[in-house]
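Working notes, beginning with the structure itself.
The values are calculated or read from the model by the stated rules, or taken from the named source; none is laboratory data. Quick caveat: nothing in here was measured; it's all calculated off a predicted structure. Quick reminder, even Gly has a Cβ in these numbers, built from the backbone with ideal geometry, and neighbours come from all protein chains shown. Keep in mind that these areas ignore ligands, DNA and RNA; they rest on the heavy atoms of the full protein, side chains included. Shrake-Rupley method; radii C 1.70, N 1.55, O 1.52, S 1.80 Å.
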Amino acid sequence: VGAGAGATVGKLFGPQWATPGGIGSASRRMGRWSVGALAAVNALGEVSDREGKVVAGVRGGAASSEKFEAEEGPRAGENTTLAVVATDAPLGPPELVRWLRVASTALARRIAPVHTPFDGDVVFALTTGSGGEGGTLGSPELLRLGVAAREALESAILRAVGSR
């Protein structure tokens, strides 16, 4: 019951070839700021670890074009990875958008393919800090915070499929 229940990954060649997905979370510290990530992974594509090994995806090994032609293939409306990254750093709207762009690259680093016509993949961002209109972080600190968020989101994706 709830987000991630019944989620699967690796549905490129139909749901019968999929493995379990789910929900995962992770956090990081970057200096005095905290970053958290939550991901519900119900992806068409496969999830790979940091070494490039598929940890959740098409059962029975890598899918072939022969398998694709023999099976029903992907279906629209049955796949999506929904994620949120949050921080307590004081980010204004422009900084939050820049930070989100860096953090959201986690999807492409862990899920392949991602953002397909059959997926509704999206990452949301929020801050509990009061950055006002201009924020208070400089570009180098904002970049480090973005990398920390990307790393947290990558870990959340891996945890959602039962990997570390």
With (1) closer than 22 Å to GLY129 by Cα; (2) at pLDDT below 90 as the list, and GLU72 as the residue in question, which single condition is left unmet? (1)
One residue is enough: does the range 1-14 have a residue meeting the conditions in a strand (DSSP E or B) and closer than 27 Å to LEU91 by Cα? no
Pairing a residue in the range 153-164 that is in contact (Cβ under 8 Å) with a residue 60 or more places away in the chain and open to solvent by less than 10 Å² (accessible area, probe 1.4 Å) with any residue that is of a type in the set (Asp, Glu) and not in a helix (DSSP H, G or I), where Cβ atoms lie under 8 Å and the two sit 6 or more apart in sequence or on different chains, gives LEU158/ASP49
So, ARG109, is that one within 17 Å of LEU44 (Cα to Cα), open to solvent by 70 Å² or more (accessible area, probe 1.4 Å) and part of a helix (DSSP H, G or I) or not? yes
From the set of residues in the range 15-37 that are open to solvent by less than 40 Å² (accessible area, probe 1.4 Å) and outside any strand (DSSP E or B), which is nearest to SER163 (Cα to Cα)? GLY21
Scanning the range 86-99 for residues that are touching a helix residue (DSSP H, G or I) at 6+ places or on another chain (Cβ under 8 Å), open to solvent by less than 60 Å² (accessible area, probe 1.4 Å) and not acidic (Asp, Glu) gives THR87, ALA89, LEU91, TRP99
Residues satisfying the stated conditions in the range 1-15, i.e. farther than 19 Å from THR116 by Cα and at pLDDT below 85: VAL1, GLY2, ALA3, GLY4, ALA5
